[in-house]
Each structure stands twice: as structure tokens, then as C-alpha cells.
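All remarks here apply to the structure that follows.
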Amino acid sequence: DTSLRALGAQQGLRIGTAVDAAQLGSNKAYTGIVADQFSAVTAENAMKWDAVEPSQGVHNWKAADDLVKFAQQNGQAVRGHTLMWHNQTPGWLTTGVANGSITDAQLRDILHQHVTDEVTHFKGKVWQWDVVNEVFANSWETPQADGLNRDDFWVKHLGSGVIADVFRWAHQADPKALLMYNDYNITGEDGTNVKFQAVYDFVKNLRKQGVPIDGIGEQGHLDTQYGFDAQRYQADLQAYGDLGLKVAITEADVRTFVGNSTDQVPTDALAQFAQPYEFSELLKGCQLVSQCISFTAWGVYDGDSWIPGTFSGEGYGLLYDVNLQPKVAYSTLQQDL
Ligand code: XIL
């Protein structure tokens, strides 16, 4: 068995993918690849707040429940994604905050309720939760003294202390789930270590205070046009590990410019080498750091990736091409494993 999941299992590493609820079950080839190749799954969108609570107090767990059931049937672990994030919050919530019908004190209670509801709903079924997503400032944002993004929706309304509280609330609802902080540019991908240092100092402090945080999720969204410092990435991952935290690569993809989004052929001929190389380095860092427990790609194939819709002119980011055929990046990971 040379599937990614079988090769990963031999070294105690789960190989995961983000799953699009709309394709699971209905797209046969897609569903087969998810089952055969991966030992962990993340809902690409189905567990986000806007998906699970479309109107206040009314929950829709259907798509997420289907994924959890699929995972159980296929011996896969589930990564829960995500409880507190500034994006994909329900419209009723953002509208209510904007028009003042939801005060900050009420917002805090609503968040607490949401975390409790969702973690309780999936209690015992989720291996790792991305409890908090993307609250630290990037180089183009304004950091507070503690490194959090001053303009983040949650930080702005509830203050830095809410981070620790969300971890505590999640832990109360499912004491056995691994609780992660998830973000990008936190292992020097943007060419500086500023954000890494901020996250490192912050989580070190959380641990010191006894806040139940178990690990760091490094998203791993790379772009061949920026290059990638694999040594710094490894050193930063190891530094998190040395704090006694687990680490996981949670959303790996390596995008590049493409001629058009239908066939996603790279415009730069060298990108077909750079792309698998950067995937390989992402995986290697995880293999070299003993605290690394999973390596997840953000989607199965180029035809179903968030990249063309988010980064104009880019694509080619995943392990399978637009026709669901394995790419060089796939065979490279297979060899690395
Ligand atoms: C993306 C999904 O892939 C898209 O389908 C959706 O429209 C927007 O969100 N960081 C994260 C993920 O933590 O949740 C994001 O997923 C990609 C960036």
C-alpha cells in the first residue's frame, strides 16, 4: 500500500486533506481519493460558524455530521476548523454588532455559547480543534504590544483576554480534544520572523498561565513567487515543539501563476519544479520535528481549490490536477514518506 495515509502511518503521521462538503459523496473519483489517500480530514467550510448557525440559535450540523460519519467509516481523524475567526461569521452576528443591537458583553456570551455548542456537538469525535484562527498581525497590519492584530474583529471587541477564554471554554466542553492555535506566516514565510516571535511569546505565556492550549497549526499556504526559507520554517516549528506544544501543518498548498484557471498550467516553466519542492520541504519540516502530528493539504485537487477565487491569476496549488490526476507534488510526497 503506497497511499499517503499508509506511508504516513508507518511513521505515526496522519496525512490529511480539507474536504468540500459539496463534492463528498456526489463526486465519486474525489470521494475515492479522500478515502484511500488520507487519514485525517478537515471541513473546508462546513464547521465554520456561518455554516453551523445560519440564524441565531438555529443550528445546521448536517454537512459537518456527514463528514464526521465519513471519517469514522474510513478510519480517519477529524480536525475541527474553526471556532473563533474574523471571517465566515454569521451575518446575523456581524449585522447585530454593526448596528449596536449586540453589545460587546452580549457578543462575549454569544461566542461562549457558540464554542460550547459546537465543541459539545462534536465531543469525542474531533481529534484537534483549530480553536482560534488568524488573530496575530501580519506585516501589513497593526500589531498591539502583544502582537495581536489591533483591528481583528474579536480583539477589537473583546480584547486580548478572549483568546485564553476561548481555549478554556473549548476545554470545558471536550477535555480530550487537542486545542490548537492556527495561523499563517508564523514560521517566517513572509521573509521575517516578526509574527513567529509574537505567536511564540504569546503562547508561551498562555502555557505559563495554565491555559489549555495543546498546539500550533501552521497553515502552510505558500506561493512560488515568494520563495520559501525551509531552514527557518523547520527551526520555528521546532521552537514551538520545544515549548511542549504539538505542531501540525494544517492547510498546505503551493500556488503559482497560471495561464487560465481551467487547466491551471503554470506560466513559469520552473514552477512545476518549485511547487513539488516546496511541498516536500513543508512535509520534511513536519517529519523532522517529533512534535508534528499531522500534515494536511488544503483541498484535494486544483479544480476545487480556494486559490483561483482568492489570488487573481494563481492556481496549481494542490497534489492533484484539475482532472483529479496525481501531480509531481503527489509522487514527491510519496517518496518523501
Ligand atoms: C477558505 C476556503 O477554502 C474557501 O472555500 C472559503 O470560501 C474561504 O475560506 N485560512 C483558513 C481557511 O483558515 O479557513 C480558509 O479557507 C483559507 C485561509
* **Pair list, Cβ under 9 Å, 6 or more apart: the range 44-69 residue closer than 12 Å to residue 24 by Cβ, other residue surrounded by 16 or more Cβ atoms within 10 Å (Cβ to Cβ) and of a type in the set (Lys, Arg)** => 68/125
* Structure fact -> Of all strands (runs of 3 or more DSSP E) fully inside the range 151-251, the set with 2 or more residues that are touching a residue at least 24 places away in the same chain (Cβ under 8 Å), closer than 30 Å to residue 98 by Cα and in contact with an Asp or Glu (Cβ under 7 Å, 6 or more places away or on another chain) is 178-183
* Residue match in the range 244-259 (condition: within 21 Å of residue 183 (Cβ to Cβ), surrounded by fewer than 18 Cβ atoms within 10 Å (Cβ to Cβ) and more than 16 Å from the ligand (Cβ to nearest atom)) -> yes
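State all residues of the range 263-301 that are of a type in the set (Asp, Glu) and within 19 Å of residue 187 (Cα to Cα); if no residue qualifies, say none. Quick ask: steps written out before the conclusion?
Of the range 263-301, the ones of a type in the set (Asp, Glu) are 263, 268, 278, 281.
Listed by number, the residues that qualify are 278, 281.
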* Could you list all residues from the range 139-162 that are buried (at least 16 other Cβ atoms within 10 Å of the Cβ) and either under 21 Å from the mean Cα position of the chain (by Cα) or within 16 Å of the ligand (Cβ to nearest atom) (or both)? => 147, 148, 149, 152, 153, 154, 155, 162
* Asked: Tell me, which residue of the range 204-235 that is within 16 Å of the ligand (Cβ to nearest atom) and small (Gly, Ala, Ser) is farthest from the chain's Cα centre (by Cα)?
  -> 215
* Qualifying positions in the range 280-328 - outside any loop (DSSP other than H, G, I, E, B), surrounded by 24 or more Cβ atoms within 10 Å (Cβ to Cβ) and in contact with a Ser or Thr (Cβ under 7 Å, 6 or more places away or on another chain) -> 296, 297, 315
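Every number in this text was worked out from the coordinates using simple rules, so none of it is lab data. As the structure is a computational prediction, the values presented were derived from the model and not from experiment. We place every Cβ from the backbone using ideal geometry, glycine too, and count neighbours over all the protein chains shown.
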